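Report on the following structure.
The values are calculated or read from the model by the stated rules, or taken from the named source; none is laboratory data. Just so you know, these numbers come straight off a predicted model, no measurement behind them. Note that each Cβ is placed from the backbone with ideal geometry, even for glycine, and that neighbours are counted across all protein chains shown. Protein only, heavy atoms only, side chains kept; ligands, DNA and RNA dropped before computing areas. Shrake-Rupley method; radii C 1.70, N 1.55, O 1.52, S 1.80 Å.
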Amino acid sequence: MVNHTNINHDIARVRIVLVIGPSGAGKSTALNALEDAGFSAVDNLPLSLIDQYIALEVETAKRRIVLAVDMRTTGFEKKIVKGLIENLKSKFKDACQVVYIHAHPSEILKRYQTTRRYHPLVKEGNLNEAIEIDFSAMHGLDTLADIILDSTGSDPSGFRTILLSRLGLPALNPVPLSISS
């Protein structure tokens, strides 16, 4: 786990979190954790709509958002994702955090086999090839991240705690209890 910035972010300061990485690495877990922390979460919004969504949700409505981007995202190209990140960092500075999540390919393979879900890039049942294509497409995007997380061997609860901590957000959200008698 590498943190390119050692800034302890105030909860109100982080307005946009962009989560990138290969499928199966933990982006959905990250989105769920941040949604529980009060962010509006969107997975795979077409890249051409992100600026409009940010203008509406962050600038106008003053909401905090988390966006996940991967190979399934309409318009995904490395140069476009790099341009998006550069524009967001230029405009929002430290209020925008880019999180790159990865896991060892064998871990991702195990996750897909365990859940029996299909990798979005699987063609003719070749899961290993799909994972290789995904890693190749993501190669180099980690250099633009503020936070890099390796989810290999992590359970979802521990991963959530690490993610929230690295973003300077409270790791423990109170669990609502309902008691009836």
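Under the √(5λ) rule applied to the eigenvalues of the Cα gyration tensor, what semi-axes describe the equivalent ellipsoid of the range 84-159? Give them in Å, descending. Walk me through the numbers on the way to the answer.
Working: eigenvalues 152, 51, 19 Å².
Each semi-axis is the square root of five times an eigenvalue, giving 28, 16, 10 Å.
About the Cα centre of the range 33-173, how large is the charge dipole given +1 on each Lys and Arg Cβ and -1 on each Asp and Glu Cβ? Please answer in debye to the nearest 20. Display every interim value, and only then the final one.
Numbers: 17 positive and 19 negative charges, 40 e Å.
My answer is approximately 200 debye.
Using only helices, what value at 222 nm comes out for the chain when you add -39,500 (n - 2.57) per DSSP H run of length 4 or more and divide by the total residues, to the nearest 500 deg cm²/dmol?
Details: 6 runs with 64 residues, N = 181.
For the chain, the value works out to -10500 deg cm²/dmol.
What whole-number value in Å² describes the accessible area per residue of the chain for a 1.4 Å probe?
Working: 9850 Å² over 181 residues.
That works out to 54 Å² for each residue.
Whole-Å semi-axes of the chain's equivalent ellipsoid, largest first, each the root of 5 times a Cα gyration tensor eigenvalue?
Working from the Cα gyration tensor, I get semi-axes of 25, 22, 16 Å.
Tell me, what % of the accessible area of the chain is carbon and sulfur with a 1.4 angstrom probe?
52 percent
In straight Cα distance, which lysines are under 24 Å from LYS93, not counting same-chain residues fewer than 8 positions off?
List returned: LYS27, LYS62, LYS78, LYS79, LYS82.
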